[in-house]
Amino acid sequence: MVDPTPLVNDCTLLFQDLPPVQNDFHKSLYLPTTANIEHLTKQALSIILHNMYVCRQVQDHLPGGCFHDARDQLRQETSTCPKDNLAAERIFSGLDRLRRIMPNANTVSFEGILLWSLNKTRDYLDGMDETKKSKFIADARKHRGSYLKLYQCKSAAIKKVCAERMQQNKDKKEAKQRLLTKQAAENTSNALKICGTICSAQEHVDELLKMDDKRKLEEALISQIKHWKTSCRGGVRRDLFYLTSKGKKLPTEQLETNLRTIIYLGH
């Protein structure tokens, strides 16, 4: 990771050919500040400089890189490759516009409109002589049935994949619900086994606190919190169900406070 300390201290230039303008704004950037702000600034600069590190971005094209001395065959094979992503950006911008103005259109419609527009099919047809143009249109009309059948097959395949994914998501959701139901039953059974009752009021918590054994009291409070975690239908903060904090068990007093709060918010 690049050390940003020289930049923070204003004792070096990031771009030697572009020195900063020494004005009030520039001076204000280097005014004394807290250690926390300076630490956060260095972290931000480290991330920025790491992504600006040119050698890292083009290392494959520098000496020793796999593309530094490319073979003639590779150069020929990639000679027609685009040098930017403008074409892809143009396609997605067109798709985004079509989705806004035609929200009910399907994917095939979008594909046809984009191909017609970006391939300049109209200009291509207008540039033909009438004989060749008529032949192309006649062929298109002749094979209309086969094109329609191909579209229907493609559409059916897409619908089949979508239906399979929907069924998979449904199966996952049902499996998750079965697991939650099983966990809820186990937690309720465990709470009843340990405490003999389910704490649904503050008086029930008071009864638990009469236990002399601190370990059993802790076990009882945990079982009640787990029961509420799987049976609560909302309205309770998630952190109230935590049994540990920073890798350490919560003390009994904290578990009691959390359980009382859960019961209060859960009703």
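Considering the conditions (1) open to solvent by less than 60 Å² (accessible area, probe 1.4 Å); (2) at positive phi, Gly64 is excluded by exactly one of them, (1).
Residues of segment 143-158 that are more than 19 Å from Thr107 (Cα to Cα) and surrounded by 10 or more Cβ atoms within 10 Å (Cβ to Cβ): His143, Arg144.
Here's the yes/no breakdown for (1) touching a residue at least 40 places away in the same chain (Cβ under 8 Å); (2) on the phi < 0 side of the Ramachandran plot; (3) not β-branched (Val, Ile, Thr):
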| site | (1), (2), (3) |
| --- | --- |
| Gly112 | no, yes, yes |
| Asp126 | no, yes, yes |
| Tyr151 | yes, yes, yes |
| Ile194 | no, yes, no |
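Here's the yes/no breakdown for (1) within 30 Å of Glu256 (Cα to Cα); (2) touching a residue at least 60 places away in the same chain (Cβ under 8 Å); (3) open to solvent by 100 Å² or more (accessible area, probe 1.4 Å):
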| position | (1), (2), (3) |
| --- | --- |
| Leu118 | no, no, no |
| Lys160 | no, no, yes |
| Glu203 | yes, no, yes |
| Leu217 | yes, no, no |
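For Thr261, the requirement of being on the phi < 0 side of the Ramachandran plot and either assigned to a helix (DSSP H, G or I) or at pLDDT 90 or above (or both) is met. If you check Lys193, Lys226 for being under 38 Å from the mean Cα position of the chain (by Cα), charged (D, E, K, R) and either under 30 Å from Val108 (Cβ atoms) or in a helix (DSSP H, G or I) (or both), only one passes: Lys226.
Pairing each residue of segment 5-33 that is assigned to a helix (DSSP H, G or I) with any residue that is of a type in the set (Val, Ile, Thr) and surrounded by 12 or more Cβ atoms within 10 Å (Cβ to Cβ), provided the two are 6+ apart or on different chains, yields C-beta distances under 7 Å for Val8/Thr41.
Quick check: anything in segment 72-91 at pLDDT 80 or above, closer than 30 Å to Gly112 by Cα and surrounded by 12 or more Cβ atoms within 10 Å (Cβ to Cβ)? Yes: one or more hits. The C-beta contact set for segment 231-249 (first residue free of Cβ contacts under 8 Å to residues at least 40 places away in the same chain and open to solvent by 70 Å² or more (accessible area, probe 1.4 Å), second residue part of a loop (DSSP other than H, G, I, E, B) and not hydroxyl-bearing (Ser, Thr, Tyr), distance under 7 angstrom, 6+ apart or interchain) comprises Thr244/Leu250; Lys249/Leu243.
The values are calculated or read from the model by the stated rules, or taken from the named source; none is laboratory data. These numbers were taken from a predicted model, which means no experiment stands behind them. In this analysis, Cβ positions are derived from the backbone assuming ideal geometry, glycine residues included, and neighbour counts consider all displayed protein chains. With ligands, DNA and RNA removed, areas are computed over all heavy atoms of the protein, side chains included. Shrake-Rupley method; radii C 1.70, N 1.55, O 1.52, S 1.80 Å.
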